[in-house]
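Here the structure is laid out as structure tokens; the discussion comes afterwards.
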Amino acid sequence: MLSEAAKGHLSALSAACLFGLMSPVCKLAMAGGVVDGPTLAAMRVCGSACMFWLVSFFVRGQRVRRRDWPALIAMSLCGMGLNQFLYVTGLQYTSPTNGCVIGTSTPIVALLLSAVFLRMPITLRRGVGVALACCGALVLLLGSVHGGGGSVVGDALCLGSQLAAACYFVFFGRLIRRYRVITLLKWLFTISALAALPVFGPGLVHVHWSAVQPMAWLSCAYVVGIGTFVCYLLLNAGQSRLAPPVVAAYNYVQPVIAAAAGILWGVDSLSWQKIAAVLLIVGGVWLVRGRR
């Protein structure tokens, strides 16, 4: 039998690998041009909401306090709404490796927000980490400007998604600790789905679903069922058994997985700029995550 620590490591590693595949899989889903970024993001939040509701019928319920609803709505719009719509839409324009590398920068953005709004001091070590990560982001953006396989617009949208994710972690930590994971995710995805349907619902109706290729259908199913629903459950299982820095360390696996899968599937290419950006951002995140 596996120990609790081993189960935590296995859950965190599995979540990181599955998250790493999200960027190239999203590119495959949108490759035919029938499904675009907003459509895929709407499918992701609506499908995941249905799946979390289904699971909620088999676990103990928890009532949300009335005074927490405004914060829950804002948390949903940051963590599930803006974060996922900006990220998936950004991937429509940029490369999977660029999207995934930028996706690992959430701790950097969270640190900057904490310093500005929560008055958290930035140590020399963390300051160096921020500087390294910023250099990595600049390398990616400059590579995109000069035809490095990415896109400035796509990279900027992915970076905006990390800003929304950082707001989710920095400003709503108390709410995250107050409710059980299924209760929280059920309502967060439901609120996002209700917000998305009036905006993107008409577009979903007019999509030529009969023209969607089998590979695109499989990719969409992965995004909703594996890359979102299963990953969130695995991540929670890892967080419940391991220290936060240990779980965060597995994020470094994601760019490697994204780059390898993207190249093998023919939706990405490798360049020295991407390798340098991965090293700079991963090094920066490691310094920011340090305890001293």
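Restricting the range 247-271 to residues that are crowded, with 20+ Cβ neighbours inside 10 Å and closer than 12 Å to G103 by Cα leaves a set whose member that is modelled with the lowest pLDDT is N251. Evaluating V285 against the criteria (1) at pLDDT below 85; (2) β-branched (V, I, T); (3) surrounded by fewer than 21 Cβ atoms within 10 Å (Cβ to Cβ) leaves one unmet condition, (3). Counting only helices (runs of 4 or more DSSP H) that sit completely within the range 172-241, those holding 2 or more residues that are buried (at least 16 other Cβ atoms within 10 Å of the Cβ) and of a type in the set (F, W, Y) correspond to 181-206. In this entry, F85 is excluded by the filter for residues that are part of a helix (DSSP H, G or I) and in contact with a Leu (Cβ under 6 Å, 6 or more places away or on another chain). The set of residues from the range 98-138 being within 24 Å of L21 (Cα to Cα) and without any contact (Cβ under 8 Å) to a residue 60 or more places away in the chain comprises V109, L138. Those residues that are assigned to a loop (DSSP other than H, G, I, E, B), of a type in the set (A, V, I, L, M) and either surrounded by fewer than 20 Cβ atoms within 10 Å (Cβ to Cβ) or touching a Pro at 6+ places or on another chain (Cβ under 6 Å) (or both), I need them from the range 6-65; list them, please. A31, V34, V59, V64 - these are the residues of the range 6-65 that are assigned to a loop (DSSP other than H, G, I, E, B), of a type in the set (A, V, I, L, M) and either surrounded by fewer than 20 Cβ atoms within 10 Å (Cβ to Cβ) or touching a Pro at 6+ places or on another chain (Cβ under 6 Å) (or both).
Within the range 132-140, is there a residue that is of a type outside the set (A, V, I, L, M, F, W, C), more than 20 Å from C220 (Cβ to Cβ), buried (at least 19 other Cβ atoms within 10 Å of the Cβ) and modelled with pLDDT under 90? There is at least one residue in the range 132-140 that is of a type outside the set (A, V, I, L, M, F, W, C), more than 20 Å from C220 (Cβ to Cβ), buried (at least 19 other Cβ atoms within 10 Å of the Cβ) and modelled with pLDDT under 90.
For the range 185-205, indicate whether the set of residues that are touching a residue at least 60 places away in the same chain (Cβ under 8 Å), hydrophobic (A, V, I, L, M, F, W, C) and in contact with a Pro (Cβ under 6 Å, 6 or more places away or on another chain) is non-empty. Scanning the range 185-205, I find at least one residue that is touching a residue at least 60 places away in the same chain (Cβ under 8 Å), hydrophobic (A, V, I, L, M, F, W, C) and in contact with a Pro (Cβ under 6 Å, 6 or more places away or on another chain), so the answer is yes.
For every residue, the table says whether it meets (1) more than 15 Å from the chain's Cα centre (by Cα); (2) at pLDDT 90 or above; (3) closer than 16 Å to T228 by Cα.
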| residue | (1), (2), (3) |
| --- | --- |
| G20 | no, no, yes |
| V45 | no, yes, yes |
| M51 | yes, yes, yes |
| W69 | yes, yes, no |
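The values are calculated or read from the model by the stated rules, or taken from the named source; none is laboratory data. From a predicted model like this one, the values you see are computed outputs, not experimental measurements. Glycine gets a Cβ as well: all are built from the backbone with ideal geometry, and neighbour counts include every protein chain shown.
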